[in-house]
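Here the structure is laid out as C-alpha cells; the discussion comes afterwards.
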Amino acid sequence: MTAEGGPGPARSLYLHIPFCTQRCHYCDFAIQVGGPDLQGRYLQALLEELRWLGEARVAAPLESVFLGGGTPSLLRPELLERLLQAVVAGFRLAPQAEVTIEANPEGVTSERVRLWRGLGINRVSLGVQSLDDSTLSWLGRSHDAGQAERALAALRQGGMAALSCDLIYAVPGQDAATFERGLRRVLEFQPEHVSCYELTVEPGTPLARGVASGRSQSPQVEAFLEQRRLAVAVLGEAGLRRYEVSNYARPGCESRHNLVYWQGGAYLAAGSGAHGFLGPIEAAGLGFEGKGVALRYWHFRNAASYARSVADGSLGVRGHEWLTPEDLALERLACGLRLTTGVELQTPAQWRTAAHLQGLGLLEVAGGRVRATSNGVDVLDRLTLELAAV
Amino acid sequence: MPSHSPRHIRNFSIIAHIDHGKSTLADRLLEITGTVSARDMTEQVLDTMDLERERGITIKAQAVRMPYHAEDGQDYELNLIDTPGHVDFAYEVSRALAACEGALLVVDASQGIEAQTLANVYKALELGLEIVPIINKIDLPQSEPEQVAQEIEAVIGIAAADCLLVSARTGEGVDRVLEAIVTRLPAPKGDPEATLRALIFDCKYDSYRGVVVYVRLLDGSLRSGTQIRMMAAQKTFAVDEVGVFRPGMEAVAELRAGEVGYLIASIRNVRDSKVGDTITEVGRAEPLPVPGYRQASPMVWAGLFPIDSNDYQDLKEALERLQLNDAALAFEPESSLALGFGFRCGFLGLLHMEIVQERLEREFDLELITTAPSVAYRVQLRDGHTAEIDNPDQLPEPGLVDFIEEPRVKLEVVLPKQFLGGIMELCQERRGEFVHLEYQPGDRALLTYDLPLGEIIHDFYDQLKSRSRGYASMDYQLAGYRREQLVKLDILVAGAKVDALSAIVHREQAANQGRKLVQRLRQVIPRQLFEVALQAAIGGKVIARETVPALRKDVLAKCYGGDITRKRKLLEKQREGKQRMKRVGSVEIPQEAFMAVLSLDR
C-alpha cells in the first residue's frame, strides 16, 4: 500500500443493530430505544441491503464480521440466525474468520452463548464498563456489577473462544482504587482483549447537558492520567499489551476487525448509522459516482429513515465522500499513530518534525517507522497535527 | 441644466455627533429634493462602503448636488458635503468644512451638544462658516428641545429662537431646513474669470479612471483640457473630465467658481491629489494657496505580517491597492526575527488601523498578525543624532541613548459634572496632567488634560465612555514632545527574545507592566507539547517569569467505529485553529498575544 493508493477489496463487514433498552448518559451512537416490534422491520431492511451488497460484490470471503450497536445481543434469536445465515450465504466466510457480537451483560445467558457459538460467533465484546454499582448508575447503564460478573462467567463457561471487555475510566466520582479493583476482577475471567475508554463528554448527550448545567462533574485530566497509567500497568502485568490508544490484548488476540479500520483497509457496512470504506473499483461496482482514491459512505442514523431508504432502493445510504490523496494521507497518519506499530513517514520535513518530537520524549523511531511513546499517546491528536502540518 | 450663478449655489456640510441623526437627515434631504428617488433610497445613501454601513460611520467624505426650487420661486443648487465622523479623521473634516460657506449643526434633542461636535463647530466658526442649528429627534418622548436650544445659545452664541426643530425620522420640519439653507447660508463668493483656485477636499481611486478628485472651486473655472497644477504636490495634469454628483457622477461641460464637483485627469496615485491641496492652472500667475493644508501624518504604527510567509507579495500589493484610496496610510517593509517579512504601517488612529486590517482580511483574503500599535518616539542619541522610533524593537541600546522624548496630546473632554471624578482619575492613571476645567451651561464641564499620546491610542475612549455611562466625549490634537524616563521591555519566549512583543514603557511602570504582560501571555498562549518559559526583561535583566505548562492530554479515546470521517474533520478543524497562529521558533503564538501589551490592567 502506498501513500496515494486506496485500499484493496473489502474483506470485512460491519453490521449495525441499533436497539437498546435505554440510552446511557454518555452515548451519542445511532441507537433506537425500545420498540421490539421494530426489530422485524429493521431486520428486513438490513437483509435487503445485505442481499444487494452480496450480489453486487464479487470478492474473496470475509475475514471479519462485526455485529455492533446498539445492543446486538437484544436481537431475537431467530432474527440473529437469519442475519448470520444471510451473511454466510451472500459473502462466504474465510475458515478462520473473526465473527464478533457486542453484548450487554443483561442479555448474556448460557443459552445465548450456546446459540451464538452455534451460529459461528467466536468473539464477544461485552459492555462491562465498570464493576462498581454507583459508577454504573452514574453512567446510566441498565445492568449492575453482579449481572456483569454472571455474564463473564457464562461466556467463559460456555466456551466462547475470544472475550473482550469494554471498560470506562476517569468517571467523575470513581477513584483510581475503585477502577483498579474492577480491572483486576475482570482479569480473573481471563479476557483475551480489553478496551479501556476514558469517559468522553459528547455534545448532545444527557451527560453533556448535565455538565453544562453543573449537575454532572466533567472528567478530570489528573484522573485520566492516573487511571490510564494504571490500566497499562495492571493489564500489562496480566499479559494484555496495549496495541492501540484504548485497546489491550494478549499477543495474537488483537481485534482483527478493528485493525482493518486503523490500518486503512476497506470494509463494507450495512445498517443504520454504519460507515463503510472502499477502494475506487469496489465503490464504482456498488454504483457510487465520482472520483477519488477511496470512498467513505454512511447510512441514515435513524432506523426508520434507514428502512425507508432501503425500501426506496437507495440502500439506506445517507451520504458519501471521495477522499483526495491528502485526505487519505491524513487519515493514515491519524489512525496509524494510534497503533503501537506506528507509521512510515513520507517527507524529509516530517522526519525533522519527528526528530524534534523524539527529543521531547513523545515519539520513538524504530525500523523506519515512528510511533508514539506512552506520554506521546496522551497528546496524540497534537502529535498527528504536528506531523501532518509538514 | 445650465451652470448656476454663484447667487444660486449653497455649499454646506452637516456637523453632528454619532447617532444624532446626520445620515437620516441627509437621506431626507435627498428624498425631498428628488435627488434620489424613493425607489433607490437605501439607509445611509452617502455611506457607500460596506464597512461604513456596518459600523454606522462615515469614513470617506462624500458630496452630492441637490436641485431645490425655493419659496422665492428660484432654483438653487445645494451641495451637501458629508464629512467623516470619527476623531481619527479630524483633518479631513476640517478640509471638507473649508469647502463650504455654511454648516447644519444637528443636535439630538435629548442629548445636547457633545464635545466632538463642539470641536467641529469651533473649527467651522474659525473657517468663517455660518451655522444653522437643528434640534433633531423632537418626536422622541424624552426630548428637551428648549433646554438644548438654550444650551446652543449659551455655548455657541446663536439665538435659541434661531434653532430649527426637526424630526429627520418622521420628516417633520425638514422643509424648513431647506429654506434655511437658502435664506440663512451665504452664497459663495469668487470670480469665475480669475485664475483657477480650487480646494481638494477628498479623492477616491477608481480602477478604470484613475483618481477622482473632489473639488470646490473658489475662483476661476475648470473644463476638460484645462492644464492644472497641484500646488503642494507640485504635479501637473491635463483634465479629462469634470462633473458633479447627483449623487452618482455626471459629467458637465464646466465647473465654475462657487461650485462643487469632481475632476478626472489621468492621475494614477492619490498622493498626487492630497486632501487640502490647492489646484491652479498652468500658465497663469500662481494664486495664494487655500490656507490650512497639512500633510496627513500617521499617529500610530504597527507591524502587519502575513501568517503564511508566502503571502508577503500579496500583502504588499493589497496595501498598495488600499493606499491608492487612502493617502493617510503609510507603510514600509519591515522584517522581524519572530514574524518574518511584513510591513510597518502608519495609521491615523486605531479605528483607521482596524479598518485597514479588516479590509485586508475581507477584501484580499489575507490572514495577518498585527503587532501592538506604538506611537513614534524621538530618541536623542549620545552621538548627537536624533532618531524617530515607531517600532519598540528598534530602540537603540540604552548605552547609546542620551534621552527619549514621547509625543503628547492636548485632550478635551466634555462631560456632565457628576462624572468629573472618574474621568480625572482615568487621566491621572494614564500619566495625564491637568490643564483646565471650565463649567458650561447646564450640567456640563469642559476638561482639558495634557497626556502622552501612547496612553490614549488604545482603550482610552472606551474607558472614557464606560466611566461616564456614555456621556463624555473627547477630541485631541498633538501637542509636542516631552522627555520621559522610558525603557524597552523585552519578552523572551522559550528563552528567545521575540522582537514583535517588545514594548516601550515608562521606567516607573516597567516592573509592574512586565509582570502583568507575562501573566497575560500565559493566559493567551495555548499549551504546547513542551513547557514554555515566558520572561520579561529590561536591558537583559529578567524581571518577571511565568510558565505555560506542557499539554498533558489531547487524544480522542475512541475512533468511533468505522467513522474515520469524523476523526479527520476534527483534526482538520484543529489544524485550521493552528494555522491561525504564528510559529515563532517552535512555539505557536496566537494573534491575541501580540496585542497583550494593550490589555494590561493598570
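Some points to look at:
- Annotation: of all residues in the range B:368-388 being touching a residue at least 40 places away in the same chain (Cβ under 8 Å) and farther than 22 Å from B:Lys316 by Cα, the one that is nearest to the chain's Cα centre (by Cα) is B:Val375.
- Candidates B:Ala194, B:Ala232, filtered to the one that is touching a residue at least 60 places away in the same chain (Cβ under 8 Å) and either out of contact with any Phe, Trp or Tyr (no Cβ under 7 Å at 6 or more places or on another chain) or crowded, with 20+ Cβ neighbours inside 10 Å (or both): B:Ala194
- Qualifying positions in the range A:315-325 - open to solvent by 60 Å² or more (accessible area, probe 1.4 Å) and within 10 Å of another protein chain (Cβ to nearest Cβ): A:His320
Residues are listed down the side, and each one gets a yes or a no for (1) surrounded by fewer than 19 Cβ atoms within 10 Å (Cβ to Cβ); (2) in a strand (DSSP E or B); (3) among the aliphatic types (A, V, I, L, M):
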residue: A:Pro251; (1), (2), (3): yes, no, no
residue: A:Ala269; (1), (2), (3): no, yes, yes
residue: A:Ala284; (1), (2), (3): yes, no, yes
residue: A:Phe288; (1), (2), (3): yes, no, no
residue: A:Val310; (1), (2), (3): no, no, yes
residue: A:Gly313; (1), (2), (3): yes, no, no
residue: A:Arg332; (1), (2), (3): no, no, no
residue: A:Thr341; (1), (2), (3): yes, no, no
residue: A:Thr353; (1), (2), (3): no, no, no
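- Candidate set from the range B:554-582 (those that are touching a residue at least 24 places away in the same chain (Cβ under 8 Å) and not in a loop (DSSP other than H, G, I, E, B)); member that is most open to solvent (accessible area, probe 1.4 Å): B:Gln579
- Residues satisfying the stated conditions in the range A:361-390, i.e. of a type outside the set (Gly, Ala, Ser), within 12 Å of chain B (Cβ to nearest Cβ) and open to solvent by 60 Å² or more (accessible area, probe 1.4 Å): A:Asn375, A:Val390
- Any hit, the range B:528-548, residues being at pLDDT below 95, at positive phi and away from chain A (no Cβ under 14 Å): yes
- Among (1) small (Gly, Ala, Ser); (2) within 13 Å of chain B (Cβ to nearest Cβ); (3) free of Cβ contacts under 8 Å to residues at least 24 places away in the same chain, the one test that A:Ser213 misses: (2)
- Every residue from the range B:267-301 that is open to solvent by less than 40 Å² (accessible area, probe 1.4 Å), among the aliphatic types (A, V, I, L, M) and over 30 Å from B:Thr371 (Cα atoms): B:Ile267, B:Ile279, B:Val290
- Evaluation of B:Glu179 against (1) at pLDDT 85 or above; (2) at positive phi; (3) surrounded by fewer than 22 Cβ atoms within 10 Å (Cβ to Cβ) (one fails), failing number: (2)
- Among residues of the range B:592-602, those that are open to solvent by less than 40 Å² (accessible area, probe 1.4 Å) and not in a helix (DSSP H, G or I), counted: 1
- For the range A:13-23, the set of residues classified as part of a loop (DSSP other than H, G, I, E, B) and buried (at least 21 other Cβ atoms within 10 Å of the Cβ) consists of A:Pro18 only.
- Any hit, the range B:451-467, residues being part of a loop (DSSP other than H, G, I, E, B) and within 14 Å of chain A (Cβ to nearest Cβ): no
- Looking at B:Asp475, B:Asp490, just one residue is closer than 24 Å to B:Leu395 by Cβ, in contact (Cβ under 8 Å) with a residue 24 or more places away in the chain, open to solvent by less than 50 Å² (accessible area, probe 1.4 Å) and of a type outside the set (A, V, I, L, M, F, W, C), and that residue is B:Asp490.
- Positions within the range A:64-107 being open to solvent by 70 Å² or more (accessible area, probe 1.4 Å) and either in contact with a strand residue (DSSP E or B) (Cβ under 9 Å, 6 or more places away or on another chain) or not in a loop (DSSP other than H, G, I, E, B) (or both), in sequence order: A:Glu78, A:Glu81, A:Arg82, A:Gln85, A:Val88, A:Ala89, A:Arg92, A:Pro95, A:Gln96
- Being over 20 Å from B:Val64 (Cα atoms) and open to solvent by less than 30 Å² (accessible area, probe 1.4 Å) holds for only one residue in B:Ala154, B:Ala149, B:Ala168, B:Ala161, and it is B:Ala149.
- Being away from chain A (no Cβ under 14 Å), β-branched (Val, Ile, Thr), closer than 30 Å to A:Val201 by Cα and crowded, with 18+ Cβ neighbours inside 10 Å holds for only one residue in B:Ile589, B:Ile504, and it is B:Ile589.
- One residue stands out among those in the range A:202-241 that are open to solvent by less than 50 Å² (accessible area, probe 1.4 Å) and in a loop (DSSP other than H, G, I, E, B): the one that is farthest from A:Arg141 (Cα to Cα), which is A:Gly239.
The values are calculated or read from the model by the stated rules, or taken from the named source; none is laboratory data. Because the structure is predicted, anything quoted here is derived from the model rather than measured. Cβ sites come from the backbone with ideal geometry, for glycine too, and all protein chains shown count toward neighbours. Protein only, heavy atoms only, side chains kept; ligands, DNA and RNA dropped before computing areas. Shrake-Rupley method; radii C 1.70, N 1.55, O 1.52, S 1.80 Å.
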